[in-house]
Each structure stands twice: as structure tokens, then as C-alpha cells.
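Working notes, beginning with the structure itself.
The values are calculated or read from the model by the stated rules, or taken from the named source; none is laboratory data. Please read these numbers as outputs of a predicted model, since none were measured by experiment. Using ideal geometry, Cβ is built from the backbone for each residue, glycine included, and neighbour counts are taken over all protein chains shown. Side chains are part of the model used for accessible areas, which takes the heavy atoms of the whole protein and leaves out ligands, DNA and RNA. Shrake-Rupley method; radii C 1.70, N 1.55, O 1.52, S 1.80 Å.
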Amino acid sequence: MSTITESVDVDVDVHTAYNQWTQFESFPEFMEGVEQIRQIDDTHTHWVTKIGGVTREFDATITEQHPDERVAWRADSGPSHAGVITFHRLGDNQTRVTAQMDIDPDGFVEKAADKLGILDRRVHGDMERFKAFIEKRGGQETGAWRGDVDRPGS
């Protein structure tokens with residue numbers, strides 16, 4: 001199991017950064033290797049990824065979500081991974097977005113990518129592309145979902 005942590009400071013308010021991150025179907029626009037995400041309901045998504053020529057499909061569950069603070073998830077199928085995205089207000093128009101993910105690579109290609117630091121670089125690039133994506137839009141998110149999802153057992 002590997003843990004990857006990456007942060008990026010975006011020049012938009014925390015509300016806008018969070019709202020954009022709740023628009024999972026827009027992830028292919030800034031996440032390398034993500035071909036498609038389909039929002040099934042408020043807490044379930046279906047992902048199609050292609051990494052190193054290998055296409056994978058898996059389902060994920062939002063395990064916790066609180067507006068302007070955090071979005072956490074875990075994979076329900078496929079390689080084991082889970083994570084949390086947190087949002088920290090740095091100023092009126094600046095937000096630190098931090099991704100922390102636990103990934104258990106599956107298969108030779110993914111294990112090699114992990115050992116070579118490719119997964120870390122990919123997440124870093126995804127965060128930088130998120131910054132460019134939201135800032136290029138002039139701070140206008142593509143949508144928003146402001147609902148709360150409490151942690152299981154809360």
C-alpha cells in the first residue's frame with residue numbers, strides 16, 4: 001500500500017474549488033488516464049480509466065462529504081484505493097486543495113509505476129491541471145453539489 005499526498009493552491013475561493021471537485025463527470029478534463037466517470041447517485045460513481053494501455057472499470061463510494069471542507073471515497077471494486085480531498089481557505093480568493101490517497105497497485109504495470117514514482121507524478125500533474133482548469137474558467141465552476149455525507153458509523 002502506498003500513500004500519495006499532493007497539494008495545490010488555486011486562485012479561487014474555497015466555495016468554488018469545492019463545488020468544482022464535486023463535479024466528478026468533469027474529472028477527465030484534468031485527470032490523466034481518467035476516460036469517464038458516471039455519477040450513479042449522491043454517493044456512488046462508476047469510473048473508466050486507462051493507464052499504461054490497461055483499461056479498468058470500477059465503482060467507488062463517497063464515504064464522507066462536507067461542503068467547503070472534504071470529500072472522501074473508497075473503491076468498491078478493482079485495485080484497492082481510498083482517499084480524501086481537503087479544502088483550506090488561504091484568503092478570499094485562494095484555496096489549498098490537498099489530495100491524500102492510499103493505493104494498493106494491482107498488476108505488474110501499476111506496481112512498476114508505483115515503484116518508479118509515476119503514480120506520484122500523475123497525481124501531482126492532476127492537481128496542477130485542476131488548478132489550470134478552474135482558474136481558466138475565471139472561477140466559475142461547472143456545477144455544484146452541496147449535500148453532506150456523514151462518515152459511516154457517525
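So the values come out like this:
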| quantity | calculated |
| --- | --- |
| Distance between modelled label sites at E32 and V48, nm, 7 Å Cα→Cβ extension | 2.2 nm |
| Accessible surface of region 1-97 [probe 1.4 Å, protein heavy atoms]: carbon and sulfur percent | 42 percent |
| Cα long-axis angle, helix 118-136 against the chain (0 to 90 degrees, to the nearest 10) | 30 degrees |
| Length-normalised contact order of the chain in % [C-alpha pairs under 8 Å, at least 6 apart] | 34 percent |
| Charge dipole (the chain, unit charges on Cβ, about Cα centre) - positive-most of F24, G52, M101 | G52 |
| Difference of contour (0.36 nm per residue) and Cα-Cα distance, D102 to D76 | 8.0 nm |
| Given charges at beta-carbon only (K, R positive; D, E negative), |dipole| of the chain in Debye | 320 debye |
| Per residue accessible area of region 1-55, 1.4 Å probe, in Å² | 46 Å² |
| Length released on extending from E57 to S2, taking residue separation times 0.36 nm less the Cα-Cα span | 17.7 nm |
